[in-house]
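Engineer: Input: one structure, supplied below.
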Amino acid sequence: MLRSGNHKSVTFVVRGNSMNPFLVCGRDKVILVPPQKPTVGQVVLAEFKPKVYALHRIIKIEGNKITMRGDGNLLSQKEIFEESNIVGTAEGFIRKGEKIDTDSTKWRIYSTVWHWLRPIRRLLLSFYRRYILKLY
């Protein structure tokens, strides 16, 4: 759809918990645009296995090989694929009804702080899943 150039953007509701705590399944939406040159930190939708897609953050680029991981995934959970498998790049999100662009200061702060918290992320995610998600 996006790769063919027929659409300028596509918006859909996120499914799954791999991008918690920032994106919540069934509540939040992602706005995708056609694939762009990938950069570390960027959120992309990729087909990492035939007909298996994931919306995750790029954590490493080595030549044509891209490694990504969901913000809510543990450190060992990651996908590796080729750049040509990127279906779309996240331009923004609709979170709790509010649009957040990926180039906004708010999103950059979220992303940076979450990256810094990597050593204690497992504890934070456990707390989030046990207590916070039950509130929604």
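The values are calculated or read from the model by the stated rules, or taken from the named source; none is laboratory data. This one's a predicted model, so the numbers in the text were calculated from it and none came from an experiment. In this analysis, Cβ positions are derived from the backbone assuming ideal geometry, glycine residues included, and neighbour counts consider all displayed protein chains.
Engineer: Going by what's in this entry, would I58 be described as exposed (fewer than 15 other Cβ atoms within 10 Å of the Cβ), in contact with a Ser or Thr (Cβ under 9 Å, 6 or more places away or on another chain) and farther than 16 Å from G16 by Cα? Walk me through it before giving the result.
Structural biologist: On the way: exposed (fewer than 15 other Cβ atoms within 10 Å of the Cβ): no; in contact with a Ser or Thr (Cβ under 9 Å, 6 or more places away or on another chain): yes; farther than 16 Å from G16 by Cα: yes.
Here the answer is no, as I58 does not meet what is asked.
Engineer: I've got another one for you. Restricting to region 85-99, name every residue that is surrounded by fewer than 17 Cβ atoms within 10 Å (Cβ to Cβ) and either closer than 12 Å to L23 by Cβ or in contact with a Pro (Cβ under 9 Å, 6 or more places away or on another chain) (or both).
Structural biologist: Across region 85-99, the qualifying residue is only K96.
Engineer: Is it fair to say V13 is surrounded by 16 or more Cβ atoms within 10 Å (Cβ to Cβ) and at pLDDT 85 or above? Explain how you work it out, then say what you get.
Structural biologist: Working: surrounded by 16 or more Cβ atoms within 10 Å (Cβ to Cβ): no; at pLDDT 85 or above: yes.
The answer is no for V13.
Engineer: Can we say A54 is within 21 Å of V14 (Cα to Cα), touching a residue at least 40 places away in the same chain (Cβ under 8 Å) and among the hydrophobic types (A, V, I, L, M, F, W, C)? Give the derivation first.
Structural biologist: On the way: within 21 Å of V14 (Cα to Cα): yes; touching a residue at least 40 places away in the same chain (Cβ under 8 Å): no; among the hydrophobic types (A, V, I, L, M, F, W, C): yes.
In short, no.
The rows are residues; the columns are (1) charged (D, E, K, R); (2) at pLDDT 95 or above; (3) not in a strand (DSSP E or B).
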residue: H56; (1), (2), (3): no, no, no
residue: I59; (1), (2), (3): no, no, no
residue: D71; (1), (2), (3): yes, no, yes
residue: Q77; (1), (2), (3): no, no, yes
residue: I109; (1), (2), (3): no, no, yes
residue: L123; (1), (2), (3): no, no, yes
residue: Y128; (1), (2), (3): no, no, yes
